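The values are calculated or read from the model by the stated rules, or taken from the named source; none is laboratory data. Just so you know, these numbers come straight off a predicted model, no measurement behind them. The accessibility values were calculated without ligands, DNA or RNA, using every heavy atom of the protein model including side chains. Shrake-Rupley method; radii C 1.70, N 1.55, O 1.52, S 1.80 Å.
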Amino acid sequence: EEEKKEQSVSSGSVLNKLNDVVNVLQRPIGSRASSLKSPEPANDDEDVSMESKDDIDKKEKDEEEEIIVPKDDGMDVYPENSEILCSLIVNKSDNGFEIKKALRECKEFNLNTRLKSNLEYTHFTISILIKRAKSRIKWQILTEKFGAIGGGKIKRVIVEFHREPIKDNIYNFPKKQDSKVLLNIYKMCNNYNNNPHATYGSRYNIDVTTNQRTKLDVLKQTIINKCDWKSQLKAKNIILAIRSIDSHKWTIITSKLTAKKSGNKRNRGRSAKKPPPKQQIIEQKIFDRDIIAVMDVTDMTEQERKDIKPEQFETEFDKYYYLKYLQQLQEKDEEEDEDGDGAVLEINFQNDSQDDDTMNVDVD
């Protein structure tokens, strides 16, 4: 009896399966296909990708190379780490002190505090980012004797506060021996062999004279003395690099043998037959607020020192900023191509007043 039950159960299951197959075959084609779980037919309304394999590979590569914005390195004032503080209407002929005075009187600048009554003029500086013909983009500190707010093409205007008083009247006299420039000095951390990006310590603000910024050995020793590194570093064991403001590319500071110019014009004719004396002069121009990096190479061999590249000074933010700089250049070239031969009008200042001697300045 048990064998008969097993046979009847198995035969019943077979009959059930046959009935299912017959039912499927009797259904319409659409329902039959869904019942058999066959792949769904392509929808004619859907977009069909016509991209080639090369296009797909390029698209995937571009997604992989998408620029990720790193945290800024804090070595300078960037659009990424600053905001517009206030707007001022000043005369184009105003000097640095007059602009400082207008800034301190500005309600936005005071932020509804007693900053106006407690802030001395020597505890903050105003700098403008300008571009003049035959010169790179540079920062320029505005002083009582020097304004030049109406000269060149202004990029940015920033205000910086200082704990110690700064007499800014000593700056911006490049043709005088007693003039000085304010430099931002950073010492590289000793991890450049294990870190893909350079890292730096605290910032040192030092002022250097014309003589100190034109002779490499003198500049090195001045930095060591003013940053209190006498016990740590020697001038022969450091390498200096300067960073470009617009591209964030570093350049190792070097010197070359140059004929010394005679200061007395009367004696130039008399000594024309004699070859002028030569001296080692720094090749790179150094201006206000330039960033100077110091690399300690005490433990390096002579060959390792010769193999040092400017890329070793780059922070992660420098690399991002350089890609951003190249992108801006490309967009600018594309805009110029679209403009063709048409005339381009460039306006340096926004003037909301009827007075031609005034202009609007946004201060970071």
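If you rank R136, R104 by how much accessible surface each has, with a 1.4 Å probe, what is the order from largest down? Can you show the working numbers first?
Numbers: R136 80, R104 45 Å².
The most accessible residue leads, giving R136, R104.
Estimated at 0.36 nm per residue, the fully extended path between K101 and K234 surpasses their Cα-Cα distance by 43.6 nm. Taking each of K131/K167; K100/K230; K285/K306; K260/K306; K92/K167 in turn, the alpha-carbon distance tops 31 angstrom for K100/K230.
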